[in-house]
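Peer 1: What follows is a structure written as structure tokens; I'll ask about it next.
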Amino acid sequence: MNALARRLRRNDCPGVEMQLAGATVVCDPSGILYAPSERLLVVSDLHLEKGAAFARRGMMLPPYDTAATLSLLGAALERYDPVRVICLGDSFHDRHGAAFMPAQFREVLVRLMTGRDWIWIAGNHDPEPPAYVGGETHETICVGPWTFRHEPSPTLRVGEVAGHLHPVAQVSAGGRSSRSACFASDGDRMIMPSFGVTTGGLNVLDRAFHGLFDPVRAKAYVIGIAQIYPIPFRSLCR
């Protein structure tokens, strides 16, 4: 089963509720975070138009990434019907992605945005407001007990929700090993998985994650085929 087929199957799987900075959120197998009290949906690292960005540099990737990512995002929006959406940066793979996006993809994106408060968080790949699609752009934004930004702060920050690092977890059991995207959290802060269909990942035990979580409470909410599995960092593999 290829990666896109696995992502599509997850649309029928239940999310997992958890407490984040004292409030309930849902980690959804699609890779989005939903806050029921705010009717808020959060998604990170869409990397729209990544294939086109590589093509401009003479490197070829499969050309389906934007269409597939928007389709998955549309399914998540239909599932939760949020009134506000926050995209945690690197929504486009480079600063030209929105301006050069083909009209048919731009129309799909604008349709998904219609009727919702849509917030773009500036990322390292897309530091400027996206062209021709609307919405608001911020470096950070606070909603309820949470602060949303692209790159995680280097020290513990209660309520911070960030992306950028594309967390994945390596799990070994019964002589077999598997690797999957995950939500990383200790209950105080969270780093979200990347949503784009052609994005890679970084093991949550990598040095880049050191000091970001309480090591005793840190868990990877690992996205499986049938459900999300909360696994303590200490039980994961490098």
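The values are calculated or read from the model by the stated rules, or taken from the named source; none is laboratory data. Given the structure is predicted, the values throughout are model-derived calculations rather than measurements. Neighbour counts are summed over all protein chains in view; Cβ atoms, including those assigned to glycine, are modelled from backbone coordinates with ideal geometry. All accessible areas refer to the heavy atoms of the entire protein, side chains included, with ligands and DNA or RNA removed. Shrake-Rupley method; radii C 1.70, N 1.55, O 1.52, S 1.80 Å.
The rows are residues; the columns are (1) β-branched (V, I, T); (2) part of a strand (DSSP E or B); (3) out of contact with any helix residue (DSSP H, G or I) (no Cβ under 9 Å at 6 or more places or on another chain).
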residue: I141; (1), (2), (3): yes, yes, yes
residue: P154; (1), (2), (3): no, no, yes
residue: A169; (1), (2), (3): no, yes, no
residue: D188; (1), (2), (3): no, no, yes
residue: F195; (1), (2), (3): no, no, no
residue: G211; (1), (2), (3): no, no, yes
residue: A226; (1), (2), (3): no, no, no
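Peer 1: Against the condition of a type in the set (D, E) and under 17 Å from V161 (Cβ atoms), how does D206 come out, does it pass?
Peer 2: No.
Peer 1: Can you tell me which residue in segment 122-133 is farthest from V43 (Cα to Cα), limited to those that are open to solvent by less than 70 Å² (accessible area, probe 1.4 Å) and without any contact (Cβ under 8 Å) to a residue 40 or more places away in the chain?
Peer 2: Looking at residues that are open to solvent by less than 70 Å² (accessible area, probe 1.4 Å) and without any contact (Cβ under 8 Å) to a residue 40 or more places away in the chain, I get A131.
Peer 1: Are there any pairs with C-beta distances below 9 angstrom linking a residue in segment 100-117 that is farther than 10 Å from T66 by Cα and without any contact (Cβ under 8 Å) to a residue 12 or more places away in the chain to a residue that is surrounded by fewer than 16 Cβ atoms within 10 Å (Cβ to Cβ) and of a type in the set (V, I, T), with the two at least 6 apart or on different chains, and if so which?
Peer 2: Correct list of pairs: G115/V83.
Peer 1: Given the structure, is L205 surrounded by fewer than 22 Cβ atoms within 10 Å (Cβ to Cβ), of a type in the set (A, V, I, L, M, F, W, C), in contact with a helix residue (DSSP H, G or I) (Cβ under 7 Å, 6 or more places away or on another chain) and over 21 Å from E17 (Cα atoms)?
Peer 2: yes
Peer 1: Can you give me the number of residues within segment 142-160 that are buried (at least 16 other Cβ atoms within 10 Å of the Cβ) and either at pLDDT 95 or above or within 13 Å of A98 (Cα to Cα) (or both)?
Peer 2: Summing the residues that are buried (at least 16 other Cβ atoms within 10 Å of the Cβ) and either at pLDDT 95 or above or within 13 Å of A98 (Cα to Cα) (or both) in segment 142-160 gives 10.
Peer 1: So, one more: Output the qualifying pairs, or none if there are none: Cβ atoms under 7 angstrom, residues six or more apart or on different chains, first residue in segment 162-189 and closer than 14 Å to S235 by Cα, second residue open to solvent by 30 Å² or more (accessible area, probe 1.4 Å) and assigned to a loop (DSSP other than H, G, I, E, B).
Peer 2: V168/G201; Q170/R238
Peer 1: Consider only pairs whose beta carbons are under 9 Å apart and that are at least six residues apart or on different chains; among these, list those whose first residue lies in segment 134-156 and is more than 23 Å from F92 (Cα to Cα) and whose second residue is open to solvent by less than 50 Å² (accessible area, probe 1.4 Å) and of a type in the set (F, W, Y).
Peer 2: Close Cβ pairs (under 9 Å, with a partner that is open to solvent by less than 50 Å² (accessible area, probe 1.4 Å) and of a type in the set (F, W, Y)) amount to L156/F213.
Peer 1: Of all residues in segment 190-202, how many are without any contact (Cβ under 8 Å) to a residue 40 or more places away in the chain and either touching a Phe, Trp or Tyr at 6+ places or on another chain (Cβ under 7 Å) or surrounded by 15 or more Cβ atoms within 10 Å (Cβ to Cβ) (or both)?
Peer 2: Looking only at that region, the number is 3.
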